[in-house]
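Read through the structure below, which is laid out as structure tokens, and then see the notes.
The values are calculated or read from the model by the stated rules, or taken from the named source; none is laboratory data. Since the model is a prediction, treat every value here as computed from it, not as a measurement. Quick reminder, even Gly has a Cβ in these numbers, built from the backbone with ideal geometry, and neighbours come from all protein chains shown. Surface areas here come from the heavy atoms of the whole protein model, side chains and all, with no ligands, DNA or RNA. Shrake-Rupley method; radii C 1.70, N 1.55, O 1.52, S 1.80 Å.
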Amino acid sequence: MIKIAVLVSGGGTNLQALIDSKREGKFANAELSLVISSRAGTKALERAEKAGIKNITIERKKYEDLPEYDRAIAKALSENKIDLVVLAGFLSVLGPGVLESYKNRIINVHPSLIPSFCGKGFYGLRVHKAVLERGVKVTGATVHFVNEIIDGGKIILQKAIDVLPQDSAEILQKRVMQEGEWVLLSEAIEMFCKGEIT
């Protein structure tokens, strides 16, 4: 059984999509074993608790520097014998300790078609505001492996989503999540569990 840790920082909508996918019988040879939140009191932690998934908070602000925080994350992953790490709205940067220990075993979902609208500062609603300001006609979602470059790892899956004339950033964000992020993240985990990506 492949043990999955989901790292979150906020509402946990992508986490909920994974919980729902698991209930529907997807990635049958894996379990959502652990949820780690970088902030206390998040909705994501409530979702994990309700689903019966072990959950802990490792607050970035309580650690003096990134290496110390990185060690705390690595320790939690190791203690829980995690095989795959999924970043689902996790807003802290992972350091070399975690990246090296879990090389090609950390995946992230990003709300754009990488290499567009990605990298430092591009997260959440900011991405969709930038898309609308630029006037692009197609955006989407990407699942990729995580490396030391923010949003710079090898792309696993992408899905294009049309930008509609009446879209606000909030409406576009919701559509990209529902039609892109939620679908792709589940598919990528399924592929990993079947050994189709390494």
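Details
- Conditions (1) free of Cβ contacts under 8 Å to residues at least 40 places away in the same chain; (2) touching a helix residue (DSSP H, G or I) at 6+ places or on another chain (Cβ under 8 Å); number of the one not met by residue 129: (1)
- Index of the failed condition, residue 20 passing every other in (1) within 18 Å of residue 189 (Cβ to Cβ); (2) open to solvent by less than 30 Å² (accessible area, probe 1.4 Å); (3) not in a loop (DSSP other than H, G, I, E, B): (2)
- The set of residues in region 153-177 that are surrounded by fewer than 16 Cβ atoms within 10 Å (Cβ to Cβ) and within 14 Å of the chain's Cα centre (by Cα) contains only 155.
- Scanning region 83-100 for residues that are assigned to a loop (DSSP other than H, G, I, E, B), out of contact with any Leu (no Cβ under 6 Å at 6 or more places or on another chain) and buried (at least 22 other Cβ atoms within 10 Å of the Cβ) yields a count of 2.
- Residue under evaluation residue 70, criteria (1) under 24 Å from residue 180 (Cβ atoms); (2) in contact with a Pro (Cβ under 8 Å, 6 or more places away or on another chain), criterion not met: (1)
- Verdict on residue 127 being at pLDDT 95 or above, open to solvent by less than 30 Å² (accessible area, probe 1.4 Å), of a type outside the set (Asp, Glu) and in contact with a Ser or Thr (Cβ under 6 Å, 6 or more places away or on another chain): yes
- Residue within region 101-108 that is surrounded by 17 or more Cβ atoms within 10 Å (Cβ to Cβ), of a type in the set (Val, Ile, Thr) and not in a strand (DSSP E or B) present: no
- Unique residue being open to solvent by 50 Å² or more (accessible area, probe 1.4 Å) and in a loop (DSSP other than H, G, I, E, B) when the list is 112, 116: 116
- Within region 14-68, being of a type in the set (Ser, Thr, Tyr) and more than 23 Å from residue 123 (Cβ to Cβ) holds for one residue alone: 33.
- Annotation note: of 56, 73, the sole residue that is among the β-branched types (Val, Ile, Thr), surrounded by fewer than 21 Cβ atoms within 10 Å (Cβ to Cβ) and not in a loop (DSSP other than H, G, I, E, B) is 56.
- Only one of the numbered conditions (1) surrounded by fewer than 19 Cβ atoms within 10 Å (Cβ to Cβ); (2) out of contact with any strand residue (DSSP E or B) (no Cβ under 9 Å at 6 or more places or on another chain); (3) under 25 Å from residue 20 (Cβ atoms); (4) modelled with pLDDT of 95 or more is violated by residue 196, and that is (4).
- Residue 2 meets the stated requirement of being among the β-branched types (Val, Ile, Thr), farther than 23 Å from residue 178 by Cα, touching an Asp or Glu at 6+ places or on another chain (Cβ under 6 Å) and modelled with pLDDT of 95 or more.
- Test: residue in region 23-43 that is surrounded by fewer than 18 Cβ atoms within 10 Å (Cβ to Cβ), in contact (Cβ under 8 Å) with a residue 24 or more places away in the chain, assigned to a helix (DSSP H, G or I) and within 18 Å of the chain's Cα centre (by Cα): yes
- Considering region 133-166, and only residues there that are charged (D, E, K, R) and touching a residue at least 40 places away in the same chain (Cβ under 8 Å), the residue that is farthest from residue 115 (Cα to Cα) turns out to be 148.
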